[in-house]
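Each remark here refers to the structure printed beneath this line.
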Amino acid sequence: MNVHGLDSILKPTRIAITGVTINPNSVGGRVLRNLVGGAFRGVVYPVNPGSEAVMGVPCYPAIRALPRTPDLVTVCSPAGDVEGILSECAEAGVKGVIIMSAGFGEAGPEGERMQRKLAEIRRSNPGMRILGPNCLGVIVPAMNLNASFAPSMPENGSIAFISQSGALCTSVLDWARQERIGFSAFVSVGNALDVDFSDLIDYFGEDESTESIILYVESVTRARRFMTAARAFARAKPIVVYKAGRFPRSAAVAASHTGAMVSEDSVYDAAFSRAGMVRVLNVGGIFGCAELIGRKKVPRGPRLGIVSNAGGPGVMAVDALMAGNGTLAELSQESTRALDECLPGFWSGANPVDILGDAGTKRYEKASSIVLSDKGVDALLVILTPQAMTKPDGVARSIGKLAETTRKPILTAWMGGESVMEGTRILAERGIPVYSTPEQAVEAFMTLVSYSRNLESLHQTPRDIRLELAVSRRQAQVFLEGAGVSGRAILSELDSKHLLSLYGIQGTTPVAAASADSAVAISESTGYPVVLKLDSPDITHKTEAGGVELNLKDKAQVRSAFARIVGKASMWQPGAVVRGVTVQRMARVSSGVEMILGFKRDPVFGSVIMLGAGGVNAEILGDSTLGFPPLNETLVMRMLEKLRIMPLLKGYRGKPGVDMNALVTTVMRLSYLACDNPAVTELDINPLLVTAEGAVALDARAVLDPGGIPEKPFGHLALRPYPEEFVEKARLKDGTEILLRPIRPEDEPMWLELLGSCSRESIYSRFRFFYNWESHEAAVRHCYIDYDRELAIVAEIEVEGSRKLLGVGRLVADPGLESAEYAVLVGDPWQNRGLGGILTDFCERIAREWGAKRIEAQTTSSNSRMVSLFVNRSWCQEPGEEGLVELWKQFAGE
């Protein structure tokens, strides 16, 4: 596996420990004790120049004195010695280093200086990977590897726990041992000088023993790599994340409405959601999710069935469910009749199912089985309170048996103290998550429902909404370059709306008026009623400065409003440049919904789109949601569904709904603007008036920072946008013109049609088995990709106004873009026309541009045409396993 070169840290066979002393309670002493006493099957080398042996294990005076080069060196020495030790590791060719020592970036200027020195050594030795400094270490139970100073080893399991807090790791270890939850690995990243979340997520994504990840995050540094790794992992396995520091004590006041509504925590929340992760809001929630994930039970929906022997706890569960936006399952008539037959006549008659205080084990078992079998129930919560006729241990055994018969998750709340302890133990042994209160159980359930919802965004296919923007994009770049040369940091409303218009976003047209007479003349020409707005490059929020006057119906009102606006501006900000006002026709706001739409540059995740309820009350209402560009129809709709004003947009109490297509495409167009123009760091449209006829920007304001353009293309984005640089035309042997381009999520219908045109032999040659390609999940996997590390080039043709895919060449790179796997598929009607060669040449060129050193492919030995295609392009070949041929080509040194 060795993704990102981490086998030396997570699968070492020889480990050296520096900083080992005769004190068994020192950090080095504890690490040595954990390795030796934990039955680690490898070799351990304590390094201590002042001792012959520690704990009976012979010591060595230095790294260079070791009999063999260790895979891993754990550094427990004082901070001042670490630089020298790391240099010694580099000279010896050590590939993995864990720096447990503290006193670096977390310890002030001197510590930061020492950490920079360590980073310089790492950069000079690209083959070395460093975990830490200031970290607890790593634990891999399956290897009996406890290269940490944690006091205990957890059971072997399938959860990888990655944390920036070493103290939290020890708490989780204690809890895990008590609850008998197993882990595939424990990793404390500390200051993450080198190895960070993205490296480890990629690594565990390739680890067959890891089925889920739990993250404890304090901050993210390499946002693009984090998002890419998390999205790739979350497609197949769940990630649960707890983000510390939700409420910073202070924050800079943003210069725009968008900025004011985009907090650091809301950006992290949006990032976790976009990556398909599930977020918990308290540490206890981590444990609850670990219960469910560790038991491999994930609900398919939010509908919860509840069985309880007491009415009060059932109500408590319902309250928690409603507060968490869950759904109380409605039982079918068949289920209700079955419950009538097995329960006393005065049972609750509906969900939650109150089976009454005298319920015994059989009543619990029968009622739970009926509720769980209901098609309208996604999960079951069984609540038990200690009562005279109830046996907590007997009920626990019966629920354990029931869990073996279903894929639906069962959660339990055994309420009480000593009398229910044996029952909780039995439930834990049988893999049933058990909580002490109904609220805790419901919280864990809703967290996984949230995960399920987030994951849907990675598996949904949007409609093909094609936005033609190529010409306008270039015009926008020229326009912004001119604005940057003139030194304008804030664009006027007129220029901001012009920028929007280049992306097809409609706006009202303001006309500048430097005097009251001019304002009146423009109003007479425009027609009443009109709106006057302050025209000043120095005053950002016009409304707060009294710079907006609405619904002016005659010239007297216009003159009066002009005087008020100019006068208030001078008092609001003395010395501000006031050019006068702008005049525009008053829009019929009552006929639509006012929204706010904009984006802001976040220092970690780059440009973030904000959408919400707008107008003067935007910040007070706080009804907003965030998304990351680029956005498609599905992602925009998910944003809209999170808003409380969604019923107004759909139509409410006789009021017509708005033009949702116009709203969705407006948001998509703004996301393209954000992607294309890194010089624009903030942009507000407030309000965006959305009506049944369309969407129009009533006010707009853009902020520029030409000096803040990232060096790398799209460095201002957390996600790589559609790679238009790989769109070009080509011709088949017979002269047929085709379009080569990267695949898009919207291509799913055409992708399915392409595979439908292929014979079983063609499918087998491409996928090496008779692939069940007709499922939506399979199509999404191939059409909805992360362009940072995967690219599928399709060949498209238009026939009688209908577009078709003829073939596809796919490149999948390793996380470091060192090598890429290649595969090609050509539809049967288009074979023997040179298309396979065209796709292969194009993809080989892309792999070179990525900087890959090697490209690899695999096909069946019977596929002589495909083998010839590669060999004719100077690829190497050798026989593989089970009738396969391995093919490859090296780029290094060319």
_Whole angstrom only: what separates the Cα centroid of region 155-232 from the Cα centroid of region 66-119?_
22
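State to the nearest 20 debye the size of the charge dipole of the chain about its Cα centre, where the only charges are +1 on K and R beta carbons and -1 on D and E beta carbons. Display every interim value, and only then the final one.
On the way: 94 positive and 102 negative charges, 67 e Å.
Result for the chain is approximately 320 debye, rounded to the nearest 20.
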*If r is the Cβ-Cβ distance from A92 to T406 and R0 is 45 Å, what FRET efficiency results, to the nearest 0.05?*
0.25
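Antiparallel DSSP bridges in region 16-166: what percent, to the nearest 5?
Values: 6 of 20 bridges.
Around 30 percent antiparallel, to the nearest 5.
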*Does anything in region 419-456 have its amide N under 18 Å from the 7 Å Cα→Cβ label point of R180, and if so which residues?*
420-436
_Long-range HN-HN contacts of S148 with modeled amide H, under 5 Å_ = V138
*Report the label-to-label distance for E544 and Q475 in nanometres (one decimal), using points 7 Å from each Cα along the Cα→Cβ vector.*
3.4
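Roughly what % antiparallel, to the nearest 5, for the DSSP beta bridges in the chain? Walk me through the numbers before you get to the answer.
Numbers: 87 of 144 bridges.
Restricted to the chain, the bridges split so that about 60 percent are antiparallel.
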*Evaluate the charge dipole of region 553-653 about its Cα centre and quote only its size in Debye, nearest 20, assuming +1 on the Cβ of each Lys and Arg and -1 on the Cβ of each Asp and Glu.*
500
_Suppose the chain between L281 and E693 were pulled fully straight at 0.36 nm per residue; how much longer would it get relative to their current alpha carbon spacing?_
144.2 nm
_For region 85-95, 3J(HN,Hα) per residue [Karplus equation, 6.51 cos²θ - 1.76 cosθ + 1.60, θ = phi - 60°, Hz, x = Gly/Pro]_ = 5, 5, 4, 5, 4, 5, 4, 7, x, 5, 8
*Average accessible area per residue (Å²) across the chain - probe 1.4 Å, nucleic acids and ligands excluded*: 42
*Quick one: if you stick a label point 7 Å off each Cα along the C-beta vector at I797 and E112, how many nm between them?*
6.1
*Using the alpha-carbon centroid of each, what span in Å lies between region 777-839 and region 721-742?*
11
*Please work out the FRET efficiency for the pair E728 and S861, using the Cβ-Cβ distance as r and a Förster radius of 25 Å; give the result to the nearest 0.05.*
0.15
*Treat each spin label as a single point 7 Å out from the Cα along the C-beta direction, and report the N23 to C342 distance in nm.*
6.2
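Exceeding 18 Å between C-alpha atoms, which entries from my cross-link table qualify? They are K533/K568; K568/K600; K362/K401. Don't skip to the answer; put the middle values down first.
Details: K533/K568 12 Å; K568/K600 29 Å; K362/K401 12 Å.
Exceeds cut-off: K568/K600.
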*Selection of trypsin sites (Lys or Arg not before Pro), region 729-762, meeting DSSP coil and at most 16 other Cβ within 10 Å*: K733
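Tell me, in nm to one decimal, what length is gained between V577 and E711 on full extension, where the rule is 0.36 nm per residue of separation less the Cα-Cα distance? Mind dumping the intermediate values first?
Numbers: separation 134, 0.36 × 134 = 48.24 nm, distance 3.40 nm.
Here the segment from V577 to E711 would lengthen by 44.8 nm.
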*Net length gained if the chain between M646 and R588 were fully extended (0.36 nm per residue, minus Cα distance)*: 18.9 nm
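The values are calculated or read from the model by the stated rules, or taken from the named source; none is laboratory data. Predicted model only: the values in this text are computed from it and were never measured. Glycine also receives a Cβ, built like all others from the backbone with ideal geometry; neighbour counts cover every protein chain displayed. What goes into the accessible areas is simple: the full protein's heavy atoms, side chains included, and nothing from ligands, DNA or RNA. Shrake-Rupley method; radii C 1.70, N 1.55, O 1.52, S 1.80 Å.
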